[in-house]
Amino acid sequence: MARRKLIAGNWKMNNTNGEAVSLVKEILENAKNVVDKDIVVAPTFTCLSEVNSVIKNTNVKLAAQNMYHEPSGAFTGQISSDMLKDVGCEYVILGHSECRSIFGETDSLINKKIKRALEASIKPIFCIGETLDEREKGITNSIVENQTKAGFDGISLDDAKNVIIAYEPVWAIGTGKTATPADADNVHKVIRDTLKSIYNDTVAENMIILYGGSMNENNASELLNMPNIDGGLIGGAALKADKFLAIINSKIV
Ligand code: PEP
């Protein structure tokens, strides 16, 4: 089965409601006829509802940038899976390196969040990736293997099929540096091999594994045409409709 490409825009802490709506309208207007790729946008929590009212029942799907694993209760400042479903989220980004490094999210917390999202039928976009220090030490492969194993700990084979992985080398996020297509593809292969060891060949072969880290309109095509790269999680270049659309329109050969 050929894996479908997925292009996801992570807007991070950018855009007021008005800005988010005009950005998504421009994306939708120009991408509504795209049939060969899935398209996802991840606005901030405060813009989810407004953005959903623009894209509801279209080919542009909604993601949140995080959520908490408890269903409800005294967790000031947190957002639950039910709240995300209520505003139309089909996806949620979990384990982003900024959440790991700035907000101290651990592998075990991220694993709980993945489980909760799956219980709520929200597809997790589960982010993993090595730091510059880890890459320079030559331990990239073991880092992503361990993060993959920790993220999928206790997740059934059937549930695993609904997870999307985003390999995002931390040193490439927001820096303008990208992994070479060959390097990224190799790490994606390591992730697929890890999935094979946890589950089986079918789960590994069908898993959508995105690349993230300074993907833009100039380098997207080469990255997206690598055999193990199934799409992109895009930060900076997702904030400008023309750049995001250029990535969406990358020709896959
Ligand atoms: C990200 O934050 O997920 C990301 C990939 O950012 P950027 O494209 O800006 O490197």
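Quick check on packing: order 115-128, 45-58, 79-92 by the mean number of other C-beta atoms within 10 Å, highest mean leading. Walk me through the numbers on the way to the answer.
Details: 115-128: 21.6, 45-58: 16.1, 79-92: 18.7.
Descending packing order for the listed peptides: 115-128, 79-92, 45-58.
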**Study point:** Under 5 Å, built H, 5+ apart or other chain: amide partners of residue 14
**Key:** 44
Point to revise | Under Karplus coefficients 6.51, -1.76 and 1.60, residue-wise ³J(HN,Hα) of segment 75-92 in Hz, glycine/proline x | key: 10, 3, x, 9, 10, 9, 5, 4, 5, 5, 4, 4, 9, x, 6, 9, 10, 9
**Study point:** For segment 152-253: rounded, prolate or oblate by the Cα gyration tensor [a/c cutoff 1.5]
**Key:** prolate
Check your understanding: Hey, what number do you get for the chain at 222 nm if only DSSP H runs of n ≥ 4 count, each worth -39500 (n - 2.57), divided across all residues, to the nearest 500?
Key -> -11500 deg cm²/dmol
Practice item. Under 1.5 on a/c is rounded, so check that first for segment 17-142, then, if it is not, pick prolate when a/b is larger than b/c and oblate when it is not; a ≥ b ≥ c are the square roots of the alpha carbon gyration tensor eigenvalues. Key: oblate
Exercise for review: Apply the Karplus parameterisation 6.51 cos²θ - 1.76 cosθ + 1.60, with θ equal to phi minus 60°, to every residue of segment 231-245 and state each ³J(HN,Hα) to the nearest whole Hz, in sequence, with x for glycine and proline.
Suggested key: x, x, 10, 10, x, x, 6, 8, 8, 10, 4, 5, 5, 5, 5
**Study point:** Partners for residue 5 among lysines (Cα-Cα distance below 22 Å; same-chain residues under 8 apart left out)
**Key:** 25, 32, 37, 56, 61, 123, 161, 189, 196, 240, 243, 251
Exercise for review: Normalise the Debye intensity by I(0) for segment 5-248, one equal point scatterer per Cα, no solvent, then take log10 at q = 0.08, 0.12, 0.14 Å⁻¹ and round to two decimals.
Suggested key: -0.27, -0.63, -0.87
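Each reported figure results from applying straightforward, stated rules to the coordinates on display, with no laboratory input. Given the structure is predicted, the values throughout are model-derived calculations rather than measurements. Every residue, glycine among them, receives a Cβ derived from its backbone with ideal geometry; neighbour counts consider all protein chains shown.
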